[in-house]
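Have a look at the structure below, then the notes.
Just so it is clear, none of the values below were taken in a lab; they were calculated from the coordinates. Not measured: the values here are computed from a predicted model. Here the Cβ positions follow ideal geometry from the backbone for every residue, glycine too, while neighbour counts run over all protein chains shown.
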Amino acid sequence: MTPPTPMPAPGPVGRRAFVLGAAAAAGTAALAGTASAAAFGWRDDGSNYVIDTGANLVFKVRKSNGDLSSLVYRGVECQGYGGMNSHIESGLGSSTVTITQSGPTILVSVTYGTLRHYYAARSGENNIYVWTNKADTSVSATRFILRVKAGLFLNDEPDSYTYAPTAIEASDVFAKSDGQTRSKHYSKLRVMDYDYVGWSAGGVGLWIVRSNHEKASGGPFYRSLLRHQSADGGGLYEILYYGQNQTEAQRFGLQGPYVIALTDGGAPSSALFPGTLTTSWADSLGLSGYVGASGRGRVAGVGISGRNTAYAYTVGLANSAAQYWGSARASDGWFSISGVLPGTYTLTVFKDELAVHTGSVTVTAGAATTLNTIAIPSSNDPSNASAIWRIGDWNGTPRGFKNADLMTYAHPSDVRAAAWTGNVVIGSGSETTAFPCYLWKDVNSGIVVYFRLTAAQAAAAHTLRIGVTTAYANGRPQVVVNDTWTSAIPSPPTQPNTRSLTNGSYRGNNHTFTYSVPASAWLTDTGAYNTLRINVVSGSGTTSYLSAGTSIDAIDLLSS
């Protein structure tokens, strides 16, 4: 073990000038929100390793179990609530915890069974770099939670329940007296929508900057809890694997770094963001499972043709070991995804959140794999099919439907939600906004769509399509046309088996149900309205908003 560098006991630290941007000295660049080094080092207080970053941050790691037991910024303790520390999952048992110093880097290593967990400090930075290597299922380590002292960042955001004492679902969804709902699940954000999460108040910003999630699961559109706040304290999360409404199997290996960043109230430096952060200084630290930049490759595509330019396109890479994604350029579909571990990946092109192309690509270390223009066949985008009428559009989301935006940060029972019932008339101009984004067996099953057909249309059979983005308790649509023709009950597609519609997420596995409606089902009177009744069927689920349900992507009646 490297002998500890002498340092004073933690206490108030004088204000120092912050450095913006990066200093280029010997690979030890100081990031925005950092200060020049002073008193950088560590000591052993008997129970904890105490690390002074030489800036304005002093933190402790408990020697018995690897808990982050103190986080003092400018003399103010930020860590802990309810007698609990910050840690992986709910904390590890007895662990082997060691500390080393190598020049401007201090590394604390935690070993618990097959789990490896690391904290790194850099001289002059108000940051803690964190890695976690979960090698298998023998250790439960699906999240890191930074516990934050009560009263530091009180707020009434959707993911707060400070002012919402009444539990209405599963002891983690709450209602305020005014009828608004709150839950730690209500983050609003997909993984690709944020780089960091946290709070700022009183001249202090406390943040977790997420990792690149290469060992996480669920892809770029996955939603999970990011933080919570109550009168008892708050929590910031880096989710390593979250089983709720999960569409993929768990991945294993080293995840990180994710960064605990403290500032004078501003956002963390963009130099810490996934896709921007470089950690060549960590190459020689001996982190289990670590792969530096030289051991990674890149995938670049010169363009994507056949796009609907009204939508953003995302390119994803995934295999059983890792996942990555990048945005396609709006003008031509060019994309570049760097920092990819070697291997063969399924490449998926998404129109918004709907997969419209899949292929395969192999990545090698230290090289770029360049792909020619990817052509999306017209038939791969269901929006290209000629329709007599369409509700919504095919983009893999319920966006535009009634209550759709609210449902990413509120419970369906929220007072702000419009009525979940109500029928829809094709040609009214409000077909999509009047149709509810979610259908439940016990809430609004049986919604009716009214529409007219021409004589030629009524003389022919047509295909009806209903696209869904997820389902709860095997809820799926069975349709009745004009109360005379009833479809078979479709088989349930593969969907997550946990809550979804009530905890802020519509993201499951996109699926399209098709129904072949015979000509005999239509009315021959062209002035009369045909009716399409959509029922939700399932033998599972309970009642109300936890009855079997599904989320709608699009509904259309094809011309042929």
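In terms of the ratio Rg/(2.2 N^0.38 Å) built on C-alpha atoms, what value belongs to the stretch 374-434?
Cα-based Rg divided by the globular estimate yields 1.41.
So what are the ³J(HN,Hα) numbers for the stretch 240-246, from phi and the Karplus equation (6.51, -1.76, 1.60; θ = phi - 60°), rounded to whole Hz, Gly and Pro as x?
7, 7, 10, x, 6, 6, 8
Find the all-direction average of the projected area of the Cα convex hull for the chain, expressing the result in square nanometres with one decimal place.
For the chain, the mean projected area of the Cα convex hull comes to 27.1 nm².
Looking only at Cα atoms, what is the convex hull volume of the stretch 382-558 per residue, in Å³?
On the way: hull volume 18.2 nm³, N = 177.
Once divided by residue count, the hull of the stretch 382-558 is 103 Å³.
Would you work out the relative contact order for the stretch 142-210, in percent, from Cα pairs under 8 angstrom that are 6 or more residues apart?
It comes to 22 percent, rounded to a whole number.
With an 8 Å cut-off on Cα pairs and a minimum separation of 6 or more residues, tell me the relative contact order of the stretch 382-558 in percent. List each step's numbers first, then the result.
Working: 422 pairs, mean separation 65.1, N = 177.
In percent, rounded to a whole number, it is 37.
Explain nothing, just the number: dipole magnitude of the chain about its Cα centre with +1 on each Lys and Arg Cβ and -1 on each Asp and Glu Cβ, in debye rounded to the nearest 20.
Once rounded to the nearest 20, the dipole reads 480 debye.
Given all pairs of different Cα atoms, what value in angstroms does the Kirkwood hydrodynamic radius of the stretch 426-491 take? Provide the component values of the computation, followed by the final result.
Details: mean 1/r = 0.0707 Å⁻¹.
The Cα-based Kirkwood calculation yields 14.2 Å.
Just the number, please: percent antiparallel of the DSSP beta bridges in the chain, rounded to the nearest 5. If you can, show how the numbers build up before the last one.
Details: 137 of 147 bridges.
Counting DSSP beta bridges with both partners in the chain, the antiparallel share is about 95 percent.
Within 13 Å, Cβ to Cβ, of residue 280, how many net charges do the neighbouring residues add up to if Lys/Arg are +1 and Asp/Glu are -1? Working shown, then result.
Details: positive: 122, 296; negative: 283.
Once positives and negatives cancel, what remains is +1.
Can you show me the helix-derived [θ] at 222 nm for the chain, built from DSSP H runs with n ≥ 4 at -39,500 (n - 2.57) apiece and divided by the number of residues, rounded to the nearest 500.
It lands at 0 deg cm²/dmol.
If eta is 1.306 mPa s and T is 10 °C, what Stokes-Einstein diffusion coefficient results for the stretch 241-301, Kirkwood Rh from Cα pairs, in µm²/s? All intermediate terms of the calculation are to be shown ahead of the outcome.
Numbers: Rh = 14.7 Å.
My calculation gives 108 µm²/s for D.
Sort 496-508, 304-316, 176-188 by packing, meaning the average of other beta carbons within 10 Å per residue, with the highest value first.
Most protected by this proxy first, the peptides run 496-508, 176-188, 304-316.
Work through the residues other than residue 268 whose Cβ is under 15 Å from its Cβ and net out their charges, Lys, Arg +1 and Asp, Glu -1.
It works out to a net charge of -1.
Relative contact order, percent, of the stretch 293-379 when contacts are C-alpha pairs under 8 Å separated by at least 6 residues?
Numbers: 212 pairs, mean separation 36.0, N = 87.
The normalised contact order for the stretch 293-379 reaches 41 percent.
Sum up the charges of everything whose Cβ sits under 15 Å from the Cβ of residue 374, counting Lys and Arg as +1 and Asp and Glu as -1, but leave residue 374 out.
Every neighbour counted, the sum reads +1.
Using the per-residue mean of other Cβ atoms lying within 10 Å as a proxy for protection, in what order, highest first, do the peptides 402-409, 448-455 fall?
Values: 402-409: 20.1, 448-455: 16.0.
So the order, starting with the most tightly packed, is 402-409, 448-455.
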